[in-house]
Structure formats: C-alpha cells, structure tokens
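Below is one structure; the comments refer to it alone.
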Amino acid sequence: MKQKRLLALLLTLVMVIGLTACGGGDDEAASGGGEGSGEEASGSNELTVYTAFPEAEVAYYFNAFEEATGIKVNALRLSAGEMLTRVAAEKDNPQAALMFGGSTDNYIAASNQGLLEAYQSPELSNTPENYLDPDGVWNPIYVGAIAFACNRDWFADKGYEYPTSWDELLDPKYENMVIMAHPATSGTAYTVLATLIQLKGEDAVWDYLKELDKNMSQYTKSGSAAPNGVALGEAAIALTFSHDGLQPTVEGYPIELSFPTDGTGYEVGAMALIKGGPADEQENAKKFIDFMCSAEGQNLYAENNSFRVPTNSEATPAEGLVTLDSVAVIDYDAVWAADNKDEFVAQFEANIASSENLE
C-alpha cells in the first residue's frame, strides 16, 4: 500500500509540474475540459484545482482523495496572490473548479469580486464558529500564526537569543539576515503586512518597514520559500506561518520558532468553489471540500508532517503543534485586511520594495 501511495504521489507531482510548465490561463491542460474548451469534457472522474499549498504537501492530499473516491485531481500550484490574480483574470471563462489553500484574506477579496460560488460543507459542524465564513462562501480548513523561523545554528554561532518582538528585528546585527515573501504575490507576506499595520498604525508602519528593509536579505514570491532560505543558511530569520517555518525540520534542517510577544497575526486557511468553473466538476469539487473539512482529511496534516492546526475539532493535531492559544495573537481583522489589500500592497510596492523579478 505504501508503494502504491508513493507511486501515485510521484505521478501527481509530475502532473503538478507539467501544469505549471503549461502556464497561461487558457491552456487546455489546465482547463479540465471546462466551458469553452471546444471538446467533450472528461466526465465526472476529474477535478481541476488551483492551490497555494506547497507541491509535495498538496500531492499527499490529492493522492488520499483519489484513493478514497477514484477522482483524479489536476492541479496548478500558485502562490496565494497569484492564485487570486489568475482566478480574477479568468472570470469570464474559469479554467478550474476550486481554489484550495491560502489565507481567508484572499477568499474574502475573491468573494467581494464575485469570483466564488457559495458552498458550505456539512463537515463544518465540527468547526468553531469564529473560524466560519459569516457569508457562507468559503470553507475553513486550518489555522496558523505568523512566527519568526530562526536558523538554530546561526544563532548558536553568534551567541544570540531568538528575537521575541517586532522591534528586535530592526537590530543592525540582523543586516541581510531577515527574509520574507512579497505581499503582492504571497498571502503569507500580506498577513505579515496587515498584522504590522494593525499593530503600529497606517502611518507609522511604513517607517518601521523601511528600517526592516535594511535587514532584509530578499523578498521571495512564495511564503513557503522564505523558511527554505533560512534552512539553507541564506538568512537567519524568516517571517512566515508557523507550519511553513517548521516544514524544513522534517528533513533535518535546524529551524526553531519564536513568536513576537507584542502580538502576531494568524491565518485561517480556506478553500472555495470558483464561480462558473467546469460544470461537470462541481460535484467532485464539493466532495473534495467535504473531504478536506472532515476529520479524515485534516488528520492528514499530522500524517504528512505539515504542522497545520486542524479546524475540525474531531481531527487529531500533530504532537507538539503550535496552537493559537499558546501564542500572543492579535484580534486579526481579515475582512478589513481583504478590503484594503490593493491599497496596502500598492504602498508597499511604492515605499518598500517592488515585486518585479522575484524568485
């Protein structure tokens, strides 16, 4: 069974890479036989998904779903910001049935733009009310707090303690040693930005970010790329979600987490139907939402060492998982963050760093 699962996992990864190489929104390979494809749809045995999950992790969930249902998932991996941009660009001819992963900031923005179809899984009966979408559009599937992912070896060599506040990151000793994604392309980075705005105010935050920029080694396209940079010793501190920060430790990389005691933001990860997506895939998309909202689906987080905190109270969290009640989270306003995203990202582009030529 393990060999079968591994083979299916590798095949799914090849599929994901192949779709990424295909590129454009009108690619037939990414369409899954949706409306306007000009040929017979593939039927009810496939599902086309845009996902913000890391490739290796998300393939595990797709493989488990296919084993449980027989439905094949065709996926394209994008950063959360890119996923929203792509769905918006395809509004008149959607090429995928489902958005999967990424913060609710993006789903609220997508819903406000009329890009999503309302659907609430019956599995949400085991999800705390404060994680639910009051408009009944997107479905919550995990939570995670913003953390400082620190390279243990670098800190030990320098004899430094891990930073425990946002202002400590401005210390000149961290010059060129802090890394984060860019909020124009990454939902993770936008959560960092929105958190800092809520903590410091819309005027003072830009002065803070200009100082922080002096210690920045680079801005990456994807949120999960930042802790990978710390794992490889390219930086000492990544500003990232706790689950992404811990992911490289599975392969033995020396990363430990620290959380700002002056407050940190968090995300509720989500998924939702894309409005007008391939008609023959709608029931499959709902089945996948139900699967990932269920305890069975969210138990895969611990099984896959993803370090995500389940939203389903019946799911079993991984041992030693960092939960929201163990850190100083702020009253993060996801609706406000979504409503102001375009403005704040534009200000970041103008005042702090451009999103051109990101890696």
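Nothing in this text is a laboratory measurement; each read-out follows from the coordinates by a stated rule. Keep in mind that what you see is a predicted model, and the values were worked out from it rather than measured. Cβ placement follows ideal geometry from the backbone for every residue including glycine, while neighbour counts extend to all protein chains displayed.
Listing for the model above:
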item	result
Separation between Cα centres of region 233-281 and region 317-359, rounded to whole Å	11 Å
Highest-fluctuation residue, Met180, Met216, Met292 considered, GNM on the chain with Cα pairs under 10 Å	Met216
FRET efficiency, Gln113 to Ala295 (Cβ-Cβ, R0 30 Å, nearest 0.05)	0.40
Förster radius 51 Å - calculated FRET efficiency between Glu356 and Ser326, Cβ distance, rounded to 0.05	0.85
Per-selection Rg to Rh, region 107-182 - Cα, Kirkwood hydrodynamic radius	1.20
Relative contact order of the chain, pairs being alpha-carbon contacts under 8 Å that are 6 or more residues apart, as %	24 percent
21 Å tail of the calculated P(r), region 174-290, as % of Cα pairs	47 percent
Protection-proxy order for peptides 220-226, 167-173, each taking the mean of Cβ atoms within 10 Å per residue, highest first	220-226, 167-173
Burial ordering of Phe307, Phe259, fewest other beta-carbon atoms within 10 Å first	Phe259, Phe307
Residue exposure sequence - Trp166, Trp138 - by fewest surrounding Cβ within 10 Å	Trp166, Trp138
Computed lengthening from Asp171 to Ala68, 0.36 nm per intervening residue step minus Cα-Cα distance	32.0 nm
Burial order of peptide ranges 94-103, 119-128 (average beta-carbon count within 10 Å, highest first)	94-103, 119-128
Read-out mean projected area of the Cα convex hull in nm², derived from the coordinates shown; its label in [x] 18.3; [y] 16.8; [z] 25.9	[y]
Under the span-like rule (Cα at least 18 Å along the axis, Kyte-Doolittle mean at least 0.5), DSSP H helices of the chain	2-22, 187-200
Calculated FRET efficiency for the pair Glu349/Glu251, C-beta based, R₀ 35 Å, to 0.05	0.55
Whole-number percent relative contact order across region 208-341, with pairs defined as alpha carbons under 8 Å at least 6 apart	20 percent
Residue order, fewest to most surrounding Cβ atoms within 10 angstrom, among Ile141, Ile330, Ile289	Ile330, Ile289, Ile141
Ranked by how many other beta carbons lie within 10 Å on average, peptides 183-196, 331-344 from highest	183-196, 331-344
